[in-house]
Amino acid sequence: MPRPNEPIRVLTAVPICDGHDSAINTINLELIRHGVEVIYLGYHRSARDIARAAIQEDVRGVGISSYNGGHVEFFSQVVALLREEGATRIKVFGGGGGTITRADEKRMRSRGVDRIFFAGTPLSEIVNYVLSRLESPARVASTRHRSDDLRISQMLARGAKSGARRRIHAIAPLTIGITGPGGAGKTTLIDELVLRQLQGDPHSRVAILSHDPSIVGKGALLGDRAVMIHSQHDRVFMRSLATRGRAGGLSESTRNYLEVLRTVEFESGRGFDLIIVETVGIGQEAVPFDRDLVAKTVLVMSPEYGSRLQLQKIAMLEVADVVVVNKSDRPGARAAMIEVGQRTGSNGHGPRIVSACAKRHRDSGVNELFWLLVDQQPAAGRLARPTAAQRT
Ligand code: B12
């Protein structure tokens, strides 16, 4: 579990059927300002999604903001699910203005909720609670009912400490590195790739390491989960990582974490089939993936990169295996495909170039990318083969 001197990580969310996210957005920013790493799951989230994400993210606390009622049951359910999975030390706290009464709070506390903040609470009181009450790592109670998620989380925590080498599966998972400037649609694209993998093979497992930048001298808002839909699936393990001052798009722990994920074994005897590493939004000069870190690299761009001259400066165009020009519905997307083709064709390296619109359901460009990545792998037997519909 996390070391005491590491930044405190908390997960925050708004319950299902509730879109009141204004309060939690304010609280997130205030916590980040005080050095906390906040994994924000977004609004309209089920208790199960929240509990699973909290365990996968190895957080010390879960903060819930609830306004539309049902809070006694909802908060209690999150506590119960965490306990069921063996993660009894993750504290559940939150608020909901005047919609949570003192009487409700009593009932919630009796069911294991750690703290409720009422309307008018100064933000400093919330920050003090998180910094003092969640100061120590959330150690895991000994239970025989540990979920795969909790087991993998513990493996990652041990792996980050020791950096020890481990036995890697005979069939190594396909590891794909996905990078590109902020706003190019990396996270949405990953979610769509995950969907295709899950649909293509009903037993396959996917892991995602997703990076977001730390704010200098402060915490970080790790918000990729809030954008993802398919990656909340039971067969997906996701860990959000803050860069913690490391330049280049990845974190100090990325390599160790990847090594650990490659060794994970499930009851079926299989490991992860696909591991996806997403960098922070990168600049022109960045080449985030060492050759030995991932098997394939994908650069995701939007058509709005500026002039042809700007393309000359993008270092990843020299080394990426595939370049995705995303947002193909935008004006200029066709011209961008031609310009990127001319730019990459001239360096003799020749990455595949794919035009995609990741936000579109069943997009043929995403199908093509998935097919390209999966089919070129020696271990493709264990990866989801593209269906006929996906190949079109
Ligand atoms: C702003 C607001 C909206 C905005 C939401 C904007 C947004 N993106 O969040 C809009 C206008 C969109 C909206 C819509 C609706 N709203 Co409205 N809304 C409010 C309002 C006025 C303020 C809530 C707020 O953000 N407060 C600001 C925060 C910072 O202050 P606070 O609530 O006091 O919270 C403090 C503590 O509780 C604590 N806290 C809160 N959350 C958390 C979380 C953590 C982790 C921690 C540590 C602490 C903490 O910290 C704060 C600091 O002091 C409340 C009424 C009210 N006065 O509470 C109604 C209210 C919540 N809304 C209500 C309703 C009914 C709706 C709608 C269903 C209306 C409709 N028929 O369409 C929709 C539903 C929207 C949806 N999709 O869910 C009702 C809910 C009634 C109920 N539960 O029985 C309320 C109570 C109004 C009322 N009196 O009827 N709403």
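Listed values, structure above:
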| read-out | value |
| --- | --- |
| Most positive-pole-ward Cα, Val216, Phe117, Thr263, against dipole of the chain from beta carbon charges | Thr263 |
| Inverse mean reciprocal Cα-Cα distance (Kirkwood Rh) of segment 175-228, Å | 12.8 |
| Cβ-based charge dipole, the chain, positive-most Cα from Val14, Leu82, Ile27 | Leu82 |
| Accessible area of segment 1-100 divided out per residue, in Å², using a probe of 1.4 angstrom | 34 |
| Alpha-carbon Debye profile of segment 178-282, log10 I(q)/I(0) at 0.11, 0.13 Å⁻¹ | -0.34, -0.47 |
| Cβ-placed point charges (K, R +1; D, E -1), dipole of segment 15-104 about Cα centre in debye, nearest 20 | 200 |
| Per-peptide average of other Cβ atoms within 10 Å, ordering 244-257, 316-329 highest first | 316-329, 244-257 |
| Relative contact order for segment 1-74, counting Cα pairs under 8 Å that sit 6 or more residues apart, in percent | 46 |
| Given charges at Cβ of Lys, Arg, Asp, Glu: the chain dipole, positive-most of Thr188, Val324, Leu41 | Leu41 |
| Average silhouette area of the chain, convex hull of alpha-carbon atoms, in square nanometres | 19.6 |
| Full-stretch length increase - Glu125, Ile229 - with 0.36 nm per residue and alpha-carbon distance subtracted | 34.1 nm |
| Accessible surface ranking that places the most exposed of Cys17, Cys357 first, with a 1.4 angstrom probe | Cys17, Cys357 |
| Size of charge dipole - segment 73-118 - debye, nearest 20, with Cβ of Lys, Arg +1 and Asp, Glu -1, no other charges | 220 |
| Size descriptor, Kirkwood hydrodynamic radius, that averages inverse alpha-carbon separations across segment 243-349, Å | 15.8 |
| Interchain or long-range residues, amide H under 5 Å from Val354's placed H | Val323, Val324, Val325 |
| Share of carbon and sulfur in the accessible heavy-atom surface of the chain [1.4 Å probe, %] | 50 |
| Arg111 versus Glu265: modelled label distance in nm, points set 7 Å from Cα along the beta carbon direction | 4.0 |
| Mean ellipticity per residue at 222 nm, deg cm²/dmol - from DSSP H runs of n ≥ 4 across the chain, formula -39500 (n - 2.57) | -10500 deg cm²/dmol |
| Charged-residue dipole, Cβ positions (Lys, Arg, Asp, Glu), segment 280-330 about Cα centre, Debye nearest 20 | 180 |
| Under-5 Å amide H pairs with Phe237, H placed in peptide plane, nonlocal only | Val206, Ala207, Ile208 |
| Cross-link table Lys186/Lys313; Lys186/Lys327; Lys186/Lys296, entries beyond 18 Å C-alpha to C-alpha | Lys186/Lys313 |
| Calculated FRET value between Ser22 and Gln154, using beta carbons and R₀ = 45 Å, to 0.05 | 0.80 |
| Peptides 10-16, 369-375 ordered by average Cβ neighbours within 10 Å, highest first | 10-16, 369-375 |
| Principal axis dimensions, segment 68-155 - Cα atoms, whole angstrom, descending | 41, 27, 19 |
| Distance in nm between pseudo-label sites at His361 and Arg244 (7 Å out along the Cβ direction from Cα) | 4.1 |
| Largest-first principal axis extents, alpha carbons of segment 1-137, Å | 37, 33, 25 |
| Nitroxide proxy distance, nm - points 7 Å out along Cα→Cβ at Glu285 and Arg330 | 2.4 |
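The values are calculated or read from the model by the stated rules, or taken from the named source; none is laboratory data. This structure is a prediction, so every number in the text was calculated from the model and none was measured. Neighbour counts are summed over all protein chains in view; Cβ atoms, including those assigned to glycine, are modelled from backbone coordinates with ideal geometry. Surface accessibility is based on the protein's heavy atoms, side chains included, excluding ligands, DNA and RNA. Shrake-Rupley method; radii C 1.70, N 1.55, O 1.52, S 1.80 Å.
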